[in-house]
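Single-structure report; data block below.
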Amino acid sequence: MTQPAEPEAAAGEPAGASEDDSAGIPVDDDYLGEPGPPLDRHAPFYVGFVGGLGALVAIWLAMQVQAIGSTLMLIVVSLFLAAGLDPAVRFFERRGMRRSYAVVTVIVIVLAALALFLVAIVPVITDQVKALTDNVPHWLDQLQRNRQVQRLDDEYDIIQKIQDYVTAGDFAGAVFGGALGVGLAVLGALFNGFIVVVLTLYFLASLQTTKSALYQLAPASRRDRVSRLGDRVVRSVGGYVSGAFIVAMCAGISSLVFLFVVGLSQYAVALAFVVALLDVIPMIGATIGAVIVTAIAFAEDWKIGLACAVFYIVYQQVENYVIYPRVMSKSVDVPGAVTVIAALTGAALFGVVGALLAIPTAASILMLTREVWVRRQDTR
């Protein structure tokens, strides 16, 4: 007896599908249903969820950047120092030397200068700083003979507290947090200095390669202009760093000569080093160095102190209106008000390092603004 034939599948129904008797819905393991409409990206829940997720990611990234802030600061300082040494490399290149040989020459000169400083200058500075510390009680005794100082000391007992604090033998320990703190501070400073030197040498050797790789990220139609602007920024930063070093060396050498002439030869090297180091800090560094040297000179002899005060007043005018403009004229072009604002902002954000890097950063931003934004506005 023959079986009745099965009805054919309805048109558009998947092969092998059967119809559910209750609902009339095709049943097939391979059939997953019709796709629904896309999510509404303007829905409040979607906007809130994606926005909150983006905020959390941004906060997490900010926390990670803050965690490695000290390392990033070392990298930034090394980049600025490498840009500052680049003019020396280009100097040798203009004399016909290949860049690789010029980089090696500059690196050898820098390492030799550091070795000479550590071997010849550091022991002298250490001895003179010790002599300064040993003479502090004597200078405090001299202050006690002053009537105005005696009146203040009778009320607040200031000099005795300072004398006990300095002569207690734990002055450095109190500053750095004990003997362990002193050791850790010294090791940390040496380690950071070593890292900065190594990174500076690496960045200097690969400066051209690094710039070329960054320029490749720009579109081909704008790559030439981006590379020219980038090269000018690097030259500006390098000119400022090398110029600041030259200005600081002028301040240190002139102070060294003057202190030998005026009669402070026993502290001349240490004080000249302090003046040169502080002179790198914009705006206030030279003044702080002059105040320190003048105060020590007054403690030694009021005539020497008066001579130091007159010398630094005259020298700062010469530095501000003769040396600094001539050295920096080809590297940075920043108005005085912008210089003050940039230095204050950099110091508030990143301390002394921020103040050092603020002026070349402001000069680069001004240059980019003039070349990109202002020029685009002029064409409209």
If you go through Val262, Val247, the only one that is at pLDDT 85 or above and in contact with a Cys (Cβ under 9 Å, 6 or more places away or on another chain) is Val262
Check: Within the bounds of the stretch 357-379, is there any residue that is assigned to a loop (DSSP other than H, G, I, E, B), within 13 Å of Tyr240 (Cβ to Cβ) and not aliphatic (A, V, I, L, M)?
Finding: no
Being surrounded by 14 or more Cβ atoms within 10 Å (Cβ to Cβ), of a type in the set (A, V, I, L, M, F, W, C) and in a helix (DSSP H, G or I) narrows Leu53, Leu81 down to just Leu81
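Look through the stretch 81-93, keep the residues that are without any contact (Cβ under 8 Å) to a residue 24 or more places away in the chain and of a type outside the set (A, V, I, L, M, F, W, C), and return whichever of them is nearest to Arg232 (Cα to Cα). Give the steps one after another, and end with the answer.
First, pick out the residues of the stretch 81-93 that are without any contact (Cβ under 8 Å) to a residue 24 or more places away in the chain: 90-93.
When the remaining residues are screened for being of a type outside the set (A, V, I, L, M, F, W, C), the result is 90, 93.
Details: Arg90: 14, Glu93: 18 Å.
Here the residue is Arg90.
Please find, within the stretch 318-343, the residue that is farthest from Gly285 (Cα to Cα) out of those that are touching a residue at least 60 places away in the same chain (Cβ under 8 Å) and either in contact with a Cys (Cβ under 9 Å, 6 or more places away or on another chain) or surrounded by fewer than 17 Cβ atoms within 10 Å (Cβ to Cβ) (or both).
To start, the set of residues in the stretch 318-343 that are touching a residue at least 60 places away in the same chain (Cβ under 8 Å) comprises 319, 323-324, 327-328, 330-332, 343.
With the extra rule that they be either in contact with a Cys (Cβ under 9 Å, 6 or more places away or on another chain) or surrounded by fewer than 17 Cβ atoms within 10 Å (Cβ to Cβ) (or both), the set shrinks to 319, 323, 327, 330.
Values: Glu319: 13, Ile323: 16, Val327: 18, Lys330: 22 Å.
The qualifying residue farthest from Gly285 (Cα to Cα) is Lys330.
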query = Is it the case that Ala88 is out of contact with any helix residue (DSSP H, G or I) (no Cβ under 8 Å at 6 or more places or on another chain), outside any strand (DSSP E or B), aliphatic (A, V, I, L, M) and at pLDDT 85 or above?
reply = no
The residue that is farthest from the chain's Cα centre (by Cα), considering only those in the stretch 68-125 that are within 20 Å of Tyr240 (Cα to Cα) and aromatic (Phe, Trp, Tyr), is Phe92
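If I ask for residues that are hydroxyl-bearing (Ser, Thr, Tyr) and either in contact with an Asp or Glu (Cβ under 8 Å, 6 or more places away or on another chain) or surrounded by fewer than 20 Cβ atoms within 10 Å (Cβ to Cβ) (or both), which ones from the stretch 251-266 would you list? Let's see the steps before the verdict.
Within the stretch 251-266, the subset hydroxyl-bearing (Ser, Thr, Tyr) is 254-255, 265.
Listed by number, the residues that qualify are Ser254, Ser265.
Hey, which of the helices (runs of 4 or more DSSP H) in the stretch 240-326, taking only ones fully inside, have at least 3 residues that are of a type outside the set (D, E, K, R) and farther than 28 Å from Ala347 by Cα?
Working: elements: 268-279, 285-300, 302-318.
Output list reads 285-300, 302-318.
Consider the stretch 206-233. How many of its residues are among the aliphatic types (A, V, I, L, M), within 27 Å of Arg98 (Cβ to Cβ) and over 20 Å from the mean Cα position of the chain (by Cα)?
Here is the first cut: in the stretch 206-233, the residues among the aliphatic types (A, V, I, L, M) are 207, 213-214, 217-218, 220, 226, 229, 233.
Add one more test, that the residue is within 27 Å of Arg98 (Cβ to Cβ), and what stays is 207, 213-214, 226, 229, 233.
With over 20 Å from the mean Cα position of the chain (by Cα) added as a condition, the list becomes 213-214, 226, 229.
Residues meeting the conditions: 4.
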Pairing a residue in the stretch 45-63 that is in contact (Cβ under 8 Å) with a residue 12 or more places away in the chain with any residue that is outside any helix (DSSP H, G or I), where Cβ atoms lie under 6 Å and the two sit 6 or more apart in sequence or on different chains, gives none
Restricting the stretch 360-380 to residues that are surrounded by 10 or more Cβ atoms within 10 Å (Cβ to Cβ) and basic (Lys, Arg), the one nearest to Ala83 (Cα to Cα) turns out to be Arg370
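Restricting to the stretch 94-104, name every residue that is surrounded by fewer than 15 Cβ atoms within 10 Å (Cβ to Cβ) and either in contact with a Phe, Trp or Tyr (Cβ under 7 Å, 6 or more places away or on another chain) or under 20 Å from Val237 (Cα atoms) (or both). Please lay out each step first, then the result.
Initially, the stretch 94-104 is screened for residues surrounded by fewer than 15 Cβ atoms within 10 Å (Cβ to Cβ), giving 94-96, 98-101.
Selection gives Arg94, Arg99.
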Picking from Val353, Val314, the residue that is of a type in the set (A, V, I, L, M) and either at pLDDT below 80 or touching a Pro at 6+ places or on another chain (Cβ under 7 Å) (or both) would be Val353
Residues of the stretch 67-85 being over 30 Å from Tyr101 (Cβ atoms) and at pLDDT 85 or above, in sequence order, are Ala67, Ile68, Thr71, Leu72, Met73
Contact list, first residue from the stretch 225-254 and without any contact (Cβ under 8 Å) to a residue 24 or more places away in the chain, second anywhere and hydrophobic (A, V, I, L, M, F, W, C), beta-carbon distance below 6 Å, six or more apart or interchain, is Val226/Ala218
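So, Ala248, is that one surrounded by 22 or more Cβ atoms within 10 Å (Cβ to Cβ), closer than 15 Å to Tyr315 by Cα, under 20 Å from the mean Cα position of the chain (by Cα) and hydrophobic (A, V, I, L, M, F, W, C) or not? It would help to see each step written out before you state the result.
On the way: surrounded by 22 or more Cβ atoms within 10 Å (Cβ to Cβ): no; closer than 15 Å to Tyr315 by Cα: yes; under 20 Å from the mean Cα position of the chain (by Cα): yes; hydrophobic (A, V, I, L, M, F, W, C): yes.
Answer is no for this residue.
Do you know which of the residues in the stretch 279-312 that are free of Cβ contacts under 8 Å to residues at least 12 places away in the same chain and under 22 Å from Ala343 (Cβ atoms) is surrounded by the fewest Cβ atoms within 10 Å (Cβ to Cβ)? Full working, then the answer.
First pass over the stretch 279-312, keeping only residues free of Cβ contacts under 8 Å to residues at least 12 places away in the same chain: 284-285, 288, 291, 295, 298, 302-303, 305-306, 310.
So of that shortlist, the ones also under 22 Å from Ala343 (Cβ atoms) come out as 284-285, 288, 291.
Values: Ile284: 13, Gly285: 22, Ile288: 15, Val291: 15.
Step by step, filter the stretch 279-312, then rank; the result is Ile284.
The values are calculated or read from the model by the stated rules, or taken from the named source; none is laboratory data. Only a predicted model underlies this, so the values are computations on that prediction, with no experimental measurement involved. Glycine also receives a Cβ, built like all others from the backbone with ideal geometry; neighbour counts cover every protein chain displayed.
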